[in-house]
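Here is the structure we will look at, set down as structure tokens.
The values are calculated or read from the model by the stated rules, or taken from the named source; none is laboratory data. Values in this document were obtained by computation on a predicted structure and should not be read as measured data. Positions of Cβ are generated from backbone atoms using ideal geometry, with glycine treated the same way; all protein chains shown enter the neighbour counts. Surface areas here come from the heavy atoms of the whole protein model, side chains and all, with no ligands, DNA or RNA. Shrake-Rupley method; radii C 1.70, N 1.55, O 1.52, S 1.80 Å.
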Amino acid sequence: MRILMVEDNAGLAASVSARLTEDGFVVDVMGDVADAEHAWTVYRYDAVVLDIMLPDGSGLDLLRRMRRQGRPEPAIMLTALDGVRDRVAGLDVGADDYLGKPFDPDELVARLKALLRRPGAVLGDRLSFADVAMDVEGRRVAVGDVAVPLTRGEFLVLQRLLRNQGRVTAKEALADSLYTLEEDWSDNAVQLAVSRLRRKLAAANSTVTIRTLRGLGYMLAAS
């Protein structure tokens, strides 16, 4: 699950990003409207955490533009402004929730998860393919009745493959699920995550395998 966080307070952004990472999210942090708008336009996010008062403009204006472009990602507004009028303004331009500063990072995570549990959202999903089942919110994977412990990276790779079942998933798409924009990644790192996941599924006697399509990517298959 990939989150865009737009916040110019570096300390606050770092603490919230670390808390979200603990819960299995990949977080891209942007400190101004220009960088955030570029990232939001280019990449697919599961949710956005957006400060209103930014150095080069308003988060409200950014959200308004993105909604006009048809971007539906659930958005939580962050602001030191706590008047009713300010909250209404945020909701009017398409915000899904509103959190005043200062706040506890645990509350933000809880509100974010509540948005992602809505029907059709990522945390409400239970994904399956053949004998493999995944509880996305609980971060649990089982082959039949047998639990399969996965690392964070292995879980994110399997989640992306399950969501894309029946289609080829490019290596770059798996990297998007594993790494933030500030992190370097390599073909070998993605291959290693896939290889470890493949071994764990085989050790659990799953009928599911991960096929490598040279030059294209990866695809789930069941024997």
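Quick rundown of the values:
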| quantity | calculated |
| --- | --- |
| Options (1) 35, 18, 15; (2) 24, 23, 16; (3) 31, 24, 19 - which one matches semi-axes √(5λ) of the Cα gyration tensor in Å as calculated here | (1) |
| Largest to smallest accessible area among 45, 98 [probe 1.4 Å] | 98, 45 |
| Between 0 and 90°, nearest 10: helix 152-163 axis offset from the chain longest Cα axis | 80 degrees |
| Principal-axis tilt of helix 33-42 within the chain, Cα atoms, nearest 10 degrees | 30 degrees |
| Neighbourhood net charge (11 Å Cβ-Cβ; Lys/Arg +1, Asp/Glu -1) for residue 201 | +2 |
| Coil-residue trypsin sites (Lys or Arg not before Pro) of segment 152-205, DSSP, other Cβ within 10 Å capped at 16 | 167 |
| Å² per residue, accessible surface of segment 98-173 at 1.4 Å | 49 Å² |
| Within the accessible area of the chain (1.4 Å probe), percent carbon and sulfur | 50 percent |
| Cα long-axis angle, helix 105-116 against the chain (0 to 90 degrees, to the nearest 10) | 70 degrees |
| Which of 206, 15 is most accessible, then next, and so on - probe 1.4 Å | 15, 206 |
